[in-house]
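Trainee: I have a structure here, written as structure tokens, and I will follow up with some questions on it.
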Number of protein chains: 2
Amino acid sequence: MTRVTIKDVARIAGVSPSAVSRVFTDGASASEATREKVLTVARDLGYRPSLLARGLVGTRTNLVTLVMGRMHDPFDALFLDELAEALAARGTRLMLASAGRDAAGDSGLLQALDYKSDAVIVAAGTMSPEHADLCVRAGLPVILSGRVLDAPGVDSVLADNVGGGRQAAELLVRTGCRRLAYLGRGGATFSDRERLKGFAGAASRAGIEVATTAVADRDHGTVFQAATDLFAGPAPPDGLFASTDSMAIAAIEAARAVGLSVPDDLSIVGFNNVPAAAWRSNQLTTVDYPIAGVVSGILDLLDSRLADPDRAREVRRIPTGLVVRATTREKHPHRRGCP
Amino acid sequence: MTRVTIKDVARIAGVSPSAVSRVFTDGASASEATREKVLTVARDLGYRPSLLARGLVGTRTNLVTLVMGRMHDPFDALFLDELAEALAARGTRLMLASAGRDAAGDSGLLQALDYKSDAVIVAAGTMSPEHADLCVRAGLPVILSGRVLDAPGVDSVLADNVGGGRQAAELLVRTGCRRLAYLGRGGATFSDRERLKGFAGAASRAGIEVATTAVADRDHGTVFQAATDLFAGPAPPDGLFASTDSMAIAAIEAARAVGLSVPDDLSIVGFNNVPAAAWRSNQLTTVDYPIAGVVSGILDLLDSRLADPDRAREVRRIPTGLVVRATTREKHPHRRGCP
DNA sequence: GGCCATCGTGCAAACGTTTGCAATCGATGC
DNA sequence: GCATCGATTGCAAACGTTTGCACGATGGCC
């Protein structure tokens, strides 16, 4: 019932606690004989170093705090999965701080400090420059996922939202759509803002002005209603870009409900490439969110930042791809080479 | 850059570190004057107690480790959300241990020990009695979610899967289905086994034998294929119970693909009541998984177990409900009262 | 064989708290 | 006025590690 400590191992193995400690920290010098003795005893006793004690004295915790909001979108779960897996493979533990109701990752940041996390990864909640500054000042590296904050020492990794939006627009234009619409949170979210920017920019270069409908909530019902209104309204689009696959799927549903045929009457492009996008009933053309790339970018920046806390702030953008399925039309083949 | 400790606060406030500590642990005696002085200084200095140090000496950590697998199903995210929120509201921190590739929550359990967690909640991975015993012996409470393990001191909370399966069968029988089928993991998963048991039991009481098709993987494509084969096979069912909403939705898709009309030719009932079940394109009748009830049951058991580590093992089953939507038929009204 | 570099080891001081014990203090009851 | 009592406080010892320092042993090199 009482914990087996480093001293127990030391006593039984006939060495000092320091020796045991050195056996368990790689890179430290210990003779082969000692190592073997210690490891044997440790195994027999079932000894495991206390990470609390280790973290208290040591400089590194191997602990990272993740600030996340509620995972309303399947995409969030994918992301968390990938990140958790990557961290685990690296021997890093993950502490979860839900940025629940309170506006900010505020409490999450403090929690990270309380446990002396090596770093905090912020994937949700609004993060004020003040809080970021607080952390950096306290020596806690902050890595933002999916947004950029112009504060010294705060790194960011994100999908190339602007590029993704552009890809969507170019595809729609290329396949003959002329009345483009955007459906999303609009200015309310960092990534949505960027996606819209890329989409509208590319459309404008093709001489098309985008009609944007911003929705207050990503909830399926809300989006379905907004899409229905848009499609049944006075100026229905023939090409729609939704800032999220989930929203795009709701839009597909709405199109069916009002009797529009996809992609004949209406082309739809989503963002993220979640598994459901590939389902038979959706066959959604979408911009692929490079989850693996973003996650490994985060780990990369984590390493760099830990190695050199004073390095310049870095923003890493991971390029997106386009996954063409059945909610967009084929490129008109007869136009090929004979304009 | 250097951390502000309890001694800093003590020095500036002109009291001993003990006094500061007592101000910050409720239930300890401290005069109003001291309290005020200390709190003021602490706020000015931005002092926060180190949870590492506190956990090292104290007996309680306010830290709980959650062992989870990859969240392939949207349901998993819902569950995690609810649990994280409830724990946060209670002031408990949550550490994530993904039971990734390695078969067991094994590594997760060890991680929990390393950080002196107050308890470990196991929601995924197979958990061997040996490991459970290891934990209990080490004084680490284990709470299982969604399964039962017959080991002393290991508590469980689960949805009433058997009851849910029964509800599904009774609904199908009541609405006139006679050729019942089950689609799920079959014996491979604890909850699926129970759901099947409840379903087949109730069907058998109505004189119907259930055709079960067990699928190796919950992946949408796999399930879609299995359902298609079943529907196009020699003995297509007129009532299907899927052990998961996600699988039920894949089945709906398959039914449409082979030209079956739901619910006219085929009734379908799912399990979990995820948001997607309510979508217009699915309108899935399903057994409601009482997430809130399960989560509060977990917290309940957590408290009880911490209060009395030697109490008898407890298994708590939370009743399910039935949410009738459009994938099942209306009860035949003309049969009412005139059999 | 002497010298220097290297390696392995133990001692003791941290790390930032909590908490049992004893002491102080003011008030209360007689 | 004195003994008692409870509340408040400080001291010091834990909690389980890591790590700088010093010291002895070992081995290579000339």
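The values are calculated or read from the model by the stated rules, or taken from the named source; none is laboratory data. Fair warning: this is a prediction, and the values are worked out from it, not measured in the lab. Glycine gets a Cβ as well: all are built from the backbone with ideal geometry, and neighbour counts include every protein chain shown.
Trainee: Just checking, which of A:THR92, A:THR40, A:THR34 is in contact with a helix residue (DSSP H, G or I) (Cβ under 9 Å, 6 or more places away or on another chain), polar (S, T, N, Q) and within 13 Å of chain B (Cβ to nearest Cβ)? Let's see the steps before the verdict.
Mentor: Details: A:THR40 fails: within 13 Å of chain B (Cβ to nearest Cβ); A:THR34 fails: within 13 Å of chain B (Cβ to nearest Cβ).
None of the others qualify; the one that does is A:THR92.
Trainee: Hey, A:GLY91 hits all of (1) more than 16 Å from DNA strand C (Cβ to nearest atom); (2) outside any loop (DSSP other than H, G, I, E, B); (3) within 33 Å of the chain's Cα centre (by Cα); (4) closer than 24 Å to B:ALA112 by Cα but one; which does it fall short on?
Mentor: Answer for A:GLY91: the failing condition is (2).
Trainee: Select from the range A:11-29 the residues that are within 11 Å of DNA strand D (Cβ to nearest atom), surrounded by fewer than 19 Cβ atoms within 10 Å (Cβ to Cβ) and of a type in the set (Gly, Ala, Ser) and write down the one among them that is farthest from the other protein chains (Cβ to nearest Cβ).
Mentor: My answer is A:SER29.
Conditions tested, residue by residue: (1) in a helix (DSSP H, G or I); (2) within 16 Å of DNA strand C (Cβ to nearest atom); (3) assigned by TED's automatic domain parsing to the domain that holds B:SER296.
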{"residue": "B:ASP26", "(1), (2), (3)": "no, yes, no"}
{"residue": "B:SER29", "(1), (2), (3)": "no, yes, no"}
{"residue": "B:VAL38", "(1), (2), (3)": "yes, yes, no"}
{"residue": "B:ARG43", "(1), (2), (3)": "yes, yes, no"}
{"residue": "B:GLY55", "(1), (2), (3)": "yes, yes, no"}
{"residue": "B:VAL67", "(1), (2), (3)": "no, no, yes"}
{"residue": "B:MET71", "(1), (2), (3)": "no, no, yes"}
{"residue": "B:ALA77", "(1), (2), (3)": "yes, no, yes"}
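Trainee: Count, please, the residues in the range B:1-24 that happen to be outside any helix (DSSP H, G or I) and without any contact (Cβ under 8 Å) to a residue 40 or more places away in the chain.
Mentor: Going through the range B:1-24, the residues outside any helix (DSSP H, G or I) turn out to be B:1-5, B:14-16.
Among the residues that remain, those that are also without any contact (Cβ under 8 Å) to a residue 40 or more places away in the chain are: B:1-2, B:14-16.
Of the residues in that region, 5 qualify.
Trainee: Among the residues of the range A:216-245, count how many are modelled with pLDDT under 95 and touching a strand residue (DSSP E or B) at 6+ places or on another chain (Cβ under 8 Å).
Mentor: 1
Trainee: Related question: What about B:ASP73, is it of a type in the set (Asp, Glu), within 16 Å of DNA strand D (Cβ to nearest atom) and under 28 Å from B:LEU144 (Cα atoms)?
Mentor: Working: of a type in the set (Asp, Glu): yes; within 16 Å of DNA strand D (Cβ to nearest atom): no; under 28 Å from B:LEU144 (Cα atoms): yes.
So B:ASP73 does not fit the description; no.
Trainee: Do you know which of the residues in the range A:149-182 that are at pLDDT below 95 and of a type in the set (A, V, I, L, M, F, W, C) is farthest from A:ILE318 (Cα to Cα)?
Mentor: Filtering first and then ranking leaves A:ALA151.
Trainee: Here are some conditions: (1) more than 21 Å from the chain's Cα centre (by Cα); (2) away from DNA strand D (no atom under 16 Å from the Cβ); (3) free of Cβ contacts under 8 Å to residues at least 24 places away in the same chain. B:VAL57 meets all but one. Which one does it not meet?
Mentor: Of everything listed in (1) more than 21 Å from the chain's Cα centre (by Cα); (2) away from DNA strand D (no atom under 16 Å from the Cβ); (3) free of Cβ contacts under 8 Å to residues at least 24 places away in the same chain, B:VAL57 misses just condition (2).
Trainee: Oh, and also: Select, from A:ARG205, A:ARG178, the only residue that is of a type outside the set (Ser, Thr, Tyr) and without any contact (Cβ under 8 Å) to a residue 24 or more places away in the chain. Outline the logic, then answer.
Mentor: On the way: A:ARG178 fails: without any contact (Cβ under 8 Å) to a residue 24 or more places away in the chain.
Within the list A:ARG205, A:ARG178, the selection yields A:ARG205.
Trainee: Still on this structure, please answer the following. Can you give me the ranges of the strands (runs of 3 or more DSSP E) entirely in the range B:224-339 with at least 2 residues that are within 19 Å of the chain's Cα centre (by Cα)?
Mentor: It comes to B:267-272, B:285-288, B:315-318, B:321-323.
Trainee: Would you confirm, using the coordinates I've provided, whether A:VAL162 is touching a helix residue (DSSP H, G or I) at 6+ places or on another chain (Cβ under 8 Å), farther than 25 Å from A:GLU253 by Cα and aliphatic (A, V, I, L, M)? Steps first, please.
Mentor: On the way: touching a helix residue (DSSP H, G or I) at 6+ places or on another chain (Cβ under 8 Å): yes; farther than 25 Å from A:GLU253 by Cα: yes; aliphatic (A, V, I, L, M): yes.
In short, yes.
Trainee: All but one of (1) over 19 Å from B:ALA112 (Cβ atoms); (2) among the basic types (Lys, Arg); (3) within 12 Å of chain B (Cβ to nearest Cβ) hold for A:ARG54; which doesn't?
Mentor: Answer for A:ARG54: the failing condition is (1).
Trainee: Which ones in the range A:213-230 are surrounded by 14 or more Cβ atoms within 10 Å (Cβ to Cβ) and out of contact with any helix residue (DSSP H, G or I) (no Cβ under 6 Å at 6 or more places or on another chain)? Don't jump to the end; show me each part of the working.
Mentor: Taking the range A:213-230 first, the residues surrounded by 14 or more Cβ atoms within 10 Å (Cβ to Cβ) are A:213-215, A:218-220, A:222-228, A:230.
Correct list: A:ARG218, A:ASP219, A:THR222, A:GLN225, A:ALA226, A:LEU230.
Trainee: Quick check on my filter: what residues within the range B:137-184 are part of a loop (DSSP other than H, G, I, E, B) and polar (S, T, N, Q)? Let's see the steps before the verdict.
Mentor: Residues of the range B:137-184 part of a loop (DSSP other than H, G, I, E, B): B:138-141, B:146-153, B:160, B:175-179.
Selection gives B:THR175 alone.
Trainee: Please state which of the following conditions B:GLY46 fails to meet, knowing it meets all the rest: (1) at the interface with another protein chain (Cβ under 10 Å from one of its Cβ atoms); (2) over 29 Å from the mean Cα position of the chain (by Cα); (3) within 14 Å of DNA strand D (Cβ to nearest atom).
Mentor: Looking at each condition in turn, B:GLY46 falls short on (3).
Trainee: State which residue is farthest from the other protein chains (Cβ to nearest Cβ) when the search covers only the range A:60-84 and only residues that are touching a residue at least 60 places away in the same chain (Cβ under 8 Å) and farther than 21 Å from A:SER156 by Cβ.
Mentor: For the range A:60-84, the residue satisfying everything is A:ARG60.
Trainee: If we keep just the residues of the range A:252-291 that are surrounded by fewer than 24 Cβ atoms within 10 Å (Cβ to Cβ), within 14 Å of chain B (Cβ to nearest Cβ) and polar (S, T, N, Q), which is farthest from B:ILE252 (Cα to Cα)?
Mentor: Among them, the one singled out is A:GLN283.
Trainee: What do you reckon, is B:GLY100 facing chain A (nearest Cβ under 9 Å), part of a loop (DSSP other than H, G, I, E, B) and either closer than 20 Å to B:VAL154 by Cβ or modelled with pLDDT under 95 (or both)? Quick ask: steps written out before the conclusion?
Mentor: Numbers: facing chain A (nearest Cβ under 9 Å): yes; part of a loop (DSSP other than H, G, I, E, B): yes; either closer than 20 Å to B:VAL154 by Cβ or modelled with pLDDT under 95 (or both): yes.
Considered against the rule, which asks whether it is facing chain A (nearest Cβ under 9 Å), part of a loop (DSSP other than H, G, I, E, B) and either closer than 20 Å to B:VAL154 by Cβ or modelled with pLDDT under 95 (or both), B:GLY100 comes out as yes.
Trainee: In the range B:183-197, which residues are over 20 Å from B:PRO319 (Cβ atoms) and among the basic types (Lys, Arg)? Break it down stepwise before answering.
Mentor: Of the range B:183-197, the ones over 20 Å from B:PRO319 (Cβ atoms) are B:183-189.
Selection gives B:ARG185 alone.
Trainee: Moving on to the next point. Applying the selection to the range B:137-166, what residues are more than 27 Å from B:ASP81 (Cα to Cα) and not basic (Lys, Arg)? Talk me through it step by step, then tell me what you get.
Mentor: Of all residues in the range B:137-166, those more than 27 Å from B:ASP81 (Cα to Cα) come to B:137-139, B:150-152, B:166.
Hits for the range B:137-166 are B:ALA138, B:GLY139, B:ASP150, B:ALA151, B:PRO152.
Trainee: A further question on this structure: Would you mind finding the one in B:GLY165, B:GLY146 that is touching a Gly at 6+ places or on another chain (Cβ under 6 Å) and closer than 17 Å to B:ASP288 by Cα?
Mentor: Answer to the check: B:GLY165.
Trainee: Determine, yes or no, whether A:ILE6 is within 10 Å of DNA strand D (Cβ to nearest atom) and either at negative phi or assigned by TED's automatic domain parsing to the domain that holds A:LYS116 (or both). Spell out the reasoning first.
Mentor: Working: within 10 Å of DNA strand D (Cβ to nearest atom): yes; either at negative phi or assigned by TED's automatic domain parsing to the domain that holds A:LYS116 (or both): yes.
In short, yes.
Trainee: Quick one: A:GLY164 ticks every box in (1) over 23 Å from A:LYS331 (Cα atoms); (2) buried (at least 24 other Cβ atoms within 10 Å of the Cβ) bar one, so which box is it?
Mentor: So the condition that A:GLY164 fails would be (1).
Trainee: Moving to a separate point now. Out of the range A:1-24, which residues are away from DNA strand C (no atom under 11 Å from the Cβ) and closer than 27 Å to B:ASP118 by Cβ?
Mentor: If the condition is that a residue be away from DNA strand C (no atom under 11 Å from the Cβ) and closer than 27 Å to B:ASP118 by Cβ, then A:MET1, A:THR2, A:ARG3, A:VAL4, A:THR5, A:ASP8, A:VAL9, A:PHE24 are the ones that fit.
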